[in-house]
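Let me begin by presenting the structure, written as structure tokens, before commenting on it.
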Amino acid sequence: MAGDSGTGVPPDDVEKESQMGQVLTTDSVPDRDKLAFWHEALAQALVPMTVIPLTDGPFTGRIVTDQVGHLRVCDIDADAQRASRTREHLVPRSGGFIGIAVPGSGTATLVQDGRTVSAAQGDLLVYDTARPYFLNCPEPFSIRVVHIPRRLLRLPEREIELVTATVIDAAEGFGAAVASLLTTLVTPERPYSREIASRLAAGVAHLFGTLVTERAQQAEVEPELQRDEMVLRIRDHIDHHLEDPSLSPETVAKAHHISVRYLHRLFEGEDTTVARHIQRRRLEQCARELSRGSETAPTVAAVAHRWGFVSPAHFSRVFRSVYGIPPREWRSARPVVR
């Protein structure tokens, strides 16, 4: 959710002036303007995103927001909605925030980095504003949201990626300690001096960072298993979309709600790139189909087009570079495969 200089919304990772107990509500807004107001209110209080109401009547929502040191704190009460933060909302080279959502009522389902999790009262829902995500609240809800600037956490990226798009049990351990701080001391309506607010924000960041490090140490094997599972899902997605000429690392990343950078990182251990894997799988399907050769078989160009190659000349070049002979010779040289 990146800021746009034309909207008056500050970019991600830029501390705002204190807005002690500022209330943003649709109550006095005409029905036709409520959704536009809500978009602006979320961008001002947290970060920009796109919202689709899930209610038949006029949309209603209320945000109480404030700064507690470097933390952005919001209490949100609103109708059912689906919010999405896409690449268009992101600001390049912005540090962004790690968000912690504490549901008070209703449920929230988060999709980020290919993971889908749901949270209710008693849970901590963690996400990263520097990458796309989708948040679905299918019924009226209340929730407290705290944004911690990433720079305060000073955590390795791999540990942050491990904890985002997860639900943390707030009943025990560090989860309970973080939840207690966020629900009792870090509030948008409790005035603190600048020094106390700064110390409180630092304490929240330190405690949450400790929680993340603990989870990383407990799951030294789990990240590798998650990576393997994600790679299998991506490979399956590619196999089912080979015929689409627009298939690319960008479309694959979008389909799995992850960044292109993260997608390439997943394939670092695969001895290939995503683009080369797509091309290789297309060539394998073309080679298999051409091997079936018969008098009524489609032309080489038709086979190439069927499996996502736009240019017949390009297809012939890459086919020959892999199989050593042009596709026409391959079809005549291979035994018929029934």
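If packing is taken as the mean number of other Cβ atoms within 10 Å per residue, what is the order of 244-257, 21-34, highest first?
The densest-packed peptide leads the list: 244-257, 21-34.
Sort 269-275, 71-77, 232-238 by packing, meaning the average of other beta carbons within 10 Å per residue, with the highest value first.
71-77, 232-238, 269-275
Tell me, what is the percent relative contact order of segment 192-318, built from C-alpha pairs under 8 Å that lie six or more residues apart?
23
Let me check against my output: what whole-number percent is the relative contact order of the chain, with C-alpha pairs under 8 Å and at least 6 apart?
It comes to 14 percent, rounded to a whole number.
Within the set of other residues whose C-beta is less than 12 Å from the C-beta of Val260, count the net charge using Lys and Arg as +1 and Asp and Glu as -1.
My count for the surroundings of Val260 gives +4.
Once you list every other residue whose beta carbon is under 13 Å from the beta carbon of His277, what net charge do they have if Lys and Arg are +1 and Asp and Glu are -1?
Here the count lands on -1.
Let me have the relative contact order for segment 22-218, percent, based on Cα pairs under 8 Å that are six or more residues apart.
22
Only four residue types carry charge here, +1 at the Cβ of Lys and Arg and -1 at the Cβ of Asp and Glu. Report the dipole size of segment 129-253 about the Cα centre in Debye, rounded to the nearest 20.
For this selection, approximately 920 debye.
Taking the structure as given and computing Cα extents along the principal axes in Å, which label from (1) 82, 50, 33; (2) 111, 76, 38; (3) 78, 37, 29 fits?
(1)
Quick one: angle between helix 274-291 and the longest Cα principal axis of the chain, in degrees between 0 and 90, rounded to 10, please.
Around 30 degrees separate the two axes.
Measuring from label point to label point, each 7 Å out along Cα→Cβ, what is the His237 to Arg328 span in nm?
Between His237 and Arg328, the simple spin-label model gives 3.9 nm.
Using unit Cβ charges (K, R positive; D, E negative) and no other charged atoms, how large, in debye to the nearest 20, is the dipole of the chain about its Cα centre?
1540
For the chain, what does the helix formula give at 222 nm: sum of -39500 (n - 2.57) over DSSP H segments with n ≥ 4, over the residue count, nearest 500 deg cm²/dmol?
The helix-only estimate for the chain comes to -12000 deg cm²/dmol at 222 nm.
Please report, in debye to the nearest 20, how large the charge dipole of segment 22-218 is about its Cα centre when each Lys and Arg carries +1 at its beta carbon and each Asp and Glu carries -1 there.
680
Just to check I understand the Karplus step: with θ = phi - 60° and J = 6.51 cos²θ - 1.76 cosθ + 1.60, what whole-Hz values come out for segment 147-164, glycine and proline as x?
Working through the residues one at a time gives 9, 9, x, 4, 5, 6, 7, 6, 10, x, 4, 5, 6, 5, 5, 5, 9, 6 Hz.
Any read-out appearing in this document is the output of simple, stated calculations on the displayed coordinates, not a laboratory observation. What you see is a predicted model; the values in this text were computed from it and never measured. Cβ atoms come from the backbone with ideal geometry, glycine included; neighbour counts cover every protein chain shown.
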